[in-house]
Structure formats: C-alpha cells, structure tokens
Amino acid sequence: MTDLALGLSEGKKQIYDAVIGGAALSKFEAMMKAQGVANETSRTLCSAHTDYYSILRKSEHQLELEAPADGVVLDVNGLVLAQVLHKLGAGRTKAGEAVNYSVGAELLVSLGQRVQKGSSWLRLHYEDPAPSPDQINLLQKALTVGKDKREAGDGDTLVAEVLLPH
C-alpha cells in the first residue's frame, strides 16, 4: 500500500527483518534517547534479557478485563486505551508534569485471535485511585469481537495478516 515493497511477500520480509533483525528495537532505543532517557537505561530496557522491573516500578494493582463474547478479535481501539491510561497517570498533558511509569496495560490478545467469553484480553496496571466503573466500561468497549471477516465474506480490511514473532 505504501509502495515501499514490490509485493506482499517482500513487504512481509521487510517487516520480519525489521522486527526480528532488531532494526525496530534500535529505532525505539534511539527514540527514548532523543526524549532524554539515559543511555544505560534505554540500552537496558531494549535488551532481550532484562528485568524491566529493575528500572520500572511495578504497579500496586492489576486488573484483567475479560472478553464479552466468543469470537475473533477484530479491533482494539488504541485511542480509548491511551485516554484511560492518561487519566490514570500514565501520561502528561504539559511538559514537566509527573508520569507514573508503573501505570500501563498489557494487551493479552492479537488481532485475528480467537477468544472465548470470559478469557482475559487486557491486564491493566494501576495505582490508587482505582479505575472508575466508567473507565472500565470504556476499556471494555475498546475491544471488538465478532465473526472472522474471512468467514463472513466481508470486504477487504487494511490489515491483511498479523505477523507474530516466532
């Protein structure tokens, strides 16, 4: 779609090389350094064999959200996730405001993955105060579960295939 590859197979290879070959991780490390993260800290966080909690404090509380129905993960609304996490302290509105680095979320599912009702799809890490019922409801609505679009015969999607590391 971007004309950076001659075809789907070459595009898959470029993505695979970037992720598995380390180019994406190196870029992420450079981004952290450009934002003022110390060299040693960014290097440690980008190491495959590091204990992240030696640098980032673990949150006091975790909450797992459950899939509302059986089906296939069709979408996760990242904007909603970011907005809720921001309100819980994971981000700042103005430069210089405090950020609580222990607040965050782990996505436990991938696009196209089949899930069962009640299975965990998101692990929320938070401090006090706990997320409000409205925030939890927003997060639950951020997950879209439905029929597999290929089985349903729906039109094309922007995501042709999700490539996971081996």
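Summary table below
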item: Residues located in segment 25-58, provided they are among the β-branched types (Val, Ile, Thr) and in contact with a Leu (Cβ under 9 Å, 6 or more places away or on another chain); result: Val37, Ile55
item: Failed criterion for Leu4 (all others in (1) open to solvent by 80 Å² or more (accessible area, probe 1.4 Å); (2) within 30 Å of Pro133 (Cβ to Cβ); (3) assigned to a loop (DSSP other than H, G, I, E, B) hold); result: (2)
item: Tally, over segment 38-70, of residues that are among the small types (Gly, Ala, Ser) and touching a residue at least 40 places away in the same chain (Cβ under 8 Å); result: 3
item: Residues of segment 128-147 satisfying the condition of being free of Cβ contacts under 8 Å to residues at least 40 places away in the same chain and either under 20 Å from the mean Cα position of the chain (by Cα) or assigned to a helix (DSSP H, G or I) (or both); result: Pro133, Asp134, Asn137
item: Filtered residues of segment 14-33 (kept if open to solvent by 90 Å² or more (accessible area, probe 1.4 Å) and modelled with pLDDT of 90 or more); result: Lys27, Phe28, Met31
item: Residue list for segment 124-136, filter: among the hydroxyl-bearing types (Ser, Thr, Tyr) and touching a strand residue (DSSP E or B) at 6+ places or on another chain (Cβ under 7 Å); result: Tyr126
item: Test result for Leu25, assigned to a loop (DSSP other than H, G, I, E, B), free of Cβ contacts under 8 Å to residues at least 60 places away in the same chain and among the hydrophobic types (A, V, I, L, M, F, W, C); result: no
item: Test: residue in segment 74-87 that is closer than 28 Å to Val145 by Cα, over 17 Å from the mean Cα position of the chain (by Cα) and touching a residue at least 60 places away in the same chain (Cβ under 8 Å); result: no
item: Hits in segment 102-127 (condition: without any contact (Cβ under 8 Å) to a residue 60 or more places away in the chain and among the aliphatic types (A, V, I, L, M)); result: Val103, Ala105, Leu107, Leu108, Val109, Leu111, Val115, Leu122
item: Unique match (being out of contact with any strand residue (DSSP E or B) (no Cβ under 8 Å at 6 or more places or on another chain), in a loop (DSSP other than H, G, I, E, B) and open to solvent by less than 80 Å² (accessible area, probe 1.4 Å)) among Gly36, Gly118, Gly112; result: Gly36
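This table checks each residue for (1) modelled with pLDDT of 90 or more; (2) touching a strand residue (DSSP E or B) at 6+ places or on another chain (Cβ under 7 Å); (3) open to solvent by 70 Å² or more (accessible area, probe 1.4 Å); (4) closer than 25 Å to Gly22 by Cα.
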| residue | (1), (2), (3), (4) |
| --- | --- |
| Leu122 | yes, yes, no, no |
| Leu138 | yes, no, yes, no |
| Lys141 | yes, no, yes, no |
| Gly155 | no, no, no, no |
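The values are calculated or read from the model by the stated rules, or taken from the named source; none is laboratory data. Predicted, not measured: the structure shown is a model, and the values here were computed from it. Note that each Cβ is placed from the backbone with ideal geometry, even for glycine, and that neighbours are counted across all protein chains shown. When the accessible area is computed, the model is the full protein with side chains, heavy atoms only, and any ligands, DNA or RNA have been set aside. Shrake-Rupley method; radii C 1.70, N 1.55, O 1.52, S 1.80 Å.
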